[in-house]
Amino acid sequence: MSFDFATIMFIATLVTGGIWALDAWLWAPKRVAAEGDEHKEPLVVEYAKAFFPVILIVLLLRSFLVEPFRIPSGSMMPTLLDGDFILVNKFSYGIRLPVINKKVIGLGEPERGDVVVFRFPRDPRVDYIKRIVGLPGDIVTYRDKAVYINGEPVQQEVQGTYVGEGTAFAATGASLRTETLGDVRHEILITPEKHDGNYEVRVPAGHYFVMGDNRDNSNDSRFWGFVPDENLVGRAFMIWMNLDMEDKRVRWDRIGDSIE
């Protein structure tokens, strides 16, 4: 079990709720019997009653509805920038129990082109964000900067040269292209001078092949393998804030943008 924020919130909920319950069932009746109606609650009980509802609501929201994440790198440029704060739909692919992440209700399946947050297979304590390229059973080929799914090329159109600002400035000069994965049309970055070998693999059952939109600057399934279904956290759907640390400013034009 990874000791992350969800685990901390779960333990805090148990502790504060347990103190409140013990006081209601055991300690409070004894205080009333000893001190009458003018008895005073211990400070720890007052804090437990105050914090339990808040902690419980936060736990439920983060576990079953929406969870915020911060983008820590440029691997998903130009779709997402370092400094973007995003919201992730936690129930897109089913309801999972907090902490143990066991799916109890299936509500949908990941689709090709979805931008997903997942627990990194090599270190589940770390959250990654990438785009789903290959579904279970697909044969994924990456050759000459292009993706092929089951032998069919994924449509790619050159849009021009990318010009980045702030934290995205380092990617200036890359080839900006539009790619169509399933029903999702999105932008990617290609660095033509970077060499990459041919790659082909079949996605096993219950797993997904993911890639970053910044294709030549992404640590993804090409290097460490597949994402198991149980590692999926949710689907990214909106940018709610951007704080560009390079320019020391908020990029207001990105706030509220949907993630395609």
- Note on the structure: Gyration tensor on Cα atoms of segment 5-64, a ≥ b ≥ c root eigenvalues, a/c under 1.5 rounded, else prolate if a/b beats b/c, else oblate, says prolate
- Rank these for me by crowding, 162, 128, going from fewest to most other beta carbons within 10 Å. 162, 128
- By its C-alpha gyration tensor, with a ≥ b ≥ c as the square roots of the eigenvalues, how is segment 71-254 shaped: rounded for a/c under 1.5, else prolate for a/b larger than b/c, else oblate? oblate
- Note on the structure: Most exposed to least, judged by fewest other Cβ atoms within 10 Å, 245, 238, 9 sort to 245, 238, 9
- Most exposed first by the Cβ proxy, i.e. fewest other Cβ within 10 Å, how do 114, 253 rank? 253, 114
- Query: Tell me, what does the Kirkwood hydrodynamic radius of segment 1-118 come to in angstroms if you use every pair of distinct C-alpha atoms?
  - Reply: 17.4
- Output the DSSP H helices from the chain with an along-axis C-alpha extent of no less than 18 Å and a mean Kyte-Doolittle hydropathy no less than 1.0. 5-22, 43-60
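Where a number appears in this text, it was derived from the coordinates with a stated rule and is not lab data. Remember, it's a predicted structure, so these values are computed and weren't measured experimentally. Quick reminder, even Gly has a Cβ in these numbers, built from the backbone with ideal geometry, and neighbours come from all protein chains shown.
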